[in-house]
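Novice: The structure that follows is given in the form of structure tokens.
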Amino acid sequence: MITAGEGIRTDRERALLSVGYDAMARRSELVALDVEDFSFLSDGTGRVLIRRSKTDQAGEGSVAYLSPDTLLYLKAWLRAFGIKRGAVFRRLIGRDRIGDRLQVDSIAQTVKRVAKFVGMTADEAQDVSGHSIRVGATQDMLALNIDLASVMQAGRWKTTAMPMRYGEEVQAGRGGMARTAKAQGRDRA
């Protein structure tokens, strides 16, 4: 079953992927989100409290930014079922009912389903996972020359190891040797 376009599944997928991207959320963080974790600001942006994460086992919490576009998708999903408290991302039952909180494995299934919808080949879609949202957000930030400290803050990393690993491809294209080749005039194809 491939879905996207219109309907409640699409509303949920858009909200889930957008929140996941903006918050650079891990799968476990996404499924743990409750309505009470979100705040909607007067400037059209929002914030989400990530209560606990892989790098925050003590549960001190961390706040992530949400764009106006993400909030539109999130509000549409919440409005569709009148979700006012508790779990934000829930299972779908048939075409018109929601169930309990999504499980972690559901995130990967959603990402794969959307990958097929946007035209990825079966092989390409096979390579995406629930973690692909976080990896892609990291690569996008690095490609836009966002400083590493900001990337680490957004992704809630305590060391540079993972963001550097995720951004290795991006960084190689503009690292020391790429700049050397350009300065020496060896960067012409």
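The values are calculated or read from the model by the stated rules, or taken from the named source; none is laboratory data. Quantities reported herein were computed from a predicted structural model and do not represent experimental measurements. Every residue, glycine among them, receives a Cβ derived from its backbone with ideal geometry; neighbour counts consider all protein chains shown.
Novice: So, in segment 153-167, of the ones that are without any contact (Cβ under 8 Å) to a residue 60 or more places away in the chain and under 28 Å from K112 (Cβ atoms), which residue ends up surrounded by the fewest Cβ atoms within 10 Å (Cβ to Cβ)?
Specialist: Narrowing segment 153-167 to residues without any contact (Cβ under 8 Å) to a residue 60 or more places away in the chain: 153, 159-167.
Then drop every residue that is not under 28 Å from K112 (Cβ atoms), which leaves 161-167.
Details: A161: 9, M162: 17, P163: 24, M164: 16, R165: 11, Y166: 22, G167: 20.
Among those residues, the one meeting the criterion is A161.
Novice: Still on this structure: Is it the case that segment 118-138 has a residue that's exposed (fewer than 11 other Cβ atoms within 10 Å of the Cβ), among the aliphatic types (A, V, I, L, M) and assigned to a helix (DSSP H, G or I)? If you could, list the steps in order and put the result at the bottom.
Specialist: First, the residues of segment 118-138 that are exposed (fewer than 11 other Cβ atoms within 10 Å of the Cβ): 118-119, 121-123.
Within this subset, residues satisfying the condition of being among the aliphatic types (A, V, I, L, M) are 118, 122.
This time we only want the ones that are assigned to a helix (DSSP H, G or I), so: 122.
Yes, there is a match, as at least one residue in segment 118-138 is exposed (fewer than 11 other Cβ atoms within 10 Å of the Cβ), among the aliphatic types (A, V, I, L, M) and assigned to a helix (DSSP H, G or I).
Novice: May I ask you to list the residues in segment 68-103 that are more than 14 Å from I8 (Cα to Cα) and surrounded by 15 or more Cβ atoms within 10 Å (Cβ to Cβ)? I'd like the intermediate steps shown before the answer.
Specialist: So the first thing to find is which residues in segment 68-103 are more than 14 Å from I8 (Cα to Cα), and the list is 68-72, 84-87, 100-103.
The answer is T70, L71, A87, R101, L102.
Novice: If A87 passes every condition in (1) modelled with pLDDT of 95 or more; (2) touching a helix residue (DSSP H, G or I) at 6+ places or on another chain (Cβ under 7 Å) but one, which one does it miss?
Specialist: It is condition (2) that A87 fails.
Novice: Of the conditions (1) touching a residue at least 40 places away in the same chain (Cβ under 8 Å); (2) surrounded by fewer than 17 Cβ atoms within 10 Å (Cβ to Cβ), A64 fails just one. Which one is it?
Specialist: Single failed check for A64: (2).
Novice: Taking segment 82-107 only, how many residues are outside any strand (DSSP E or B) and either closer than 22 Å to L49 by Cα or polar (S, T, N, Q) (or both)? Break it down stepwise before answering.
Specialist: Of all residues in segment 82-107, those outside any strand (DSSP E or B) come to 82-86, 88-89, 94-96, 102-107.
Still in the list and also either closer than 22 Å to L49 by Cα or polar (S, T, N, Q) (or both): 82-86, 88-89, 102-107.
Final tally of qualifying residues: 13.
Novice: Report, ordered by the first and then the second residue, all pairs with beta carbons closer than 6 Å, sequence separation of six or more or different chains, a first member in segment 168-189 that is in contact (Cβ under 8 Å) with a residue 24 or more places away in the chain, and a second member that is surrounded by 10 or more Cβ atoms within 10 Å (Cβ to Cβ) and outside any loop (DSSP other than H, G, I, E, B).
Specialist: Pairs found: V170/Q139; V170/L142; V170/A143.
Novice: Scan segment 36-47 and give yes if some residue there is assigned to a helix (DSSP H, G or I), in contact with a helix residue (DSSP H, G or I) (Cβ under 6 Å, 6 or more places away or on another chain), crowded, with 18+ Cβ neighbours inside 10 Å and not hydroxyl-bearing (S, T, Y), otherwise no.
Specialist: Here is the first cut: in segment 36-47, the residues assigned to a helix (DSSP H, G or I) are 36-37.
Subsequent filtering for residues that are in contact with a helix residue (DSSP H, G or I) (Cβ under 6 Å, 6 or more places away or on another chain) retains none.
Scanning segment 36-47 turns up no residue that is assigned to a helix (DSSP H, G or I), in contact with a helix residue (DSSP H, G or I) (Cβ under 6 Å, 6 or more places away or on another chain), crowded, with 18+ Cβ neighbours inside 10 Å and not hydroxyl-bearing (S, T, Y).
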